[in-house]
Amino acid sequence: MRKEVCHISAQATEAPIDFPMDDQNVVAIRNALSTLFLDEVHRAREEQAQHDRYLLKMELCAYLKISNNTLDKWIELGLPRINICGVVRYDRDAVDNWLRKHVEGW
């Protein structure tokens, strides 16, 4: 079994500390770091998507936390959408305003 050595320095002026590790530990650390990195990228993409103004149908369903069938019913009731040459988008602000107008008691 081959051992790798991990060098860690807290500051540039300090001597590195050696941590001998076998291949299994190195692979486990690499996998953990890879998972953390991919999770962070996914989180950043979701956060960015929350700020997008014009949404696709599936994005609007996720934003409103409703099914596609429910969204289709709301579209029949007049939910605003943008259709340019067959490309459909939903303006988050217009949808929010439409929902406010359809809340009971408003």
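Annotations for the structure displayed:
- Cβ-Cβ contacts under 9 Å between residues 6 or more apart (or on different chains), taken from a first residue in the stretch 57-77 that is closer than 17 Å to H102 by Cα to a second residue that is exposed (fewer than 13 other Cβ atoms within 10 Å of the Cβ) and polar (S, T, N, Q), are listed as L64/T70.
- Pairs, first within 17 Å of M58 (Cβ to Cβ) in the stretch 79-106, second open to solvent by 90 Å² or more (accessible area, probe 1.4 Å) and of a type in the set (F, W, Y), C-beta under 8 Å, six or more apart: I82/Y54; R89/Y54; Y90/Y54; D91/Y54; R92/Y54
The values are calculated or read from the model by the stated rules, or taken from the named source; none is laboratory data. Since we're looking at a predicted model, the values are computed, not measured. Counting neighbours? That spans all protein chains shown, and the Cβs are built from the backbone with ideal geometry, glycine included. Just the protein is used for accessible areas: all its heavy atoms, side chains included, with ligands, DNA and RNA removed. Shrake-Rupley method; radii C 1.70, N 1.55, O 1.52, S 1.80 Å.
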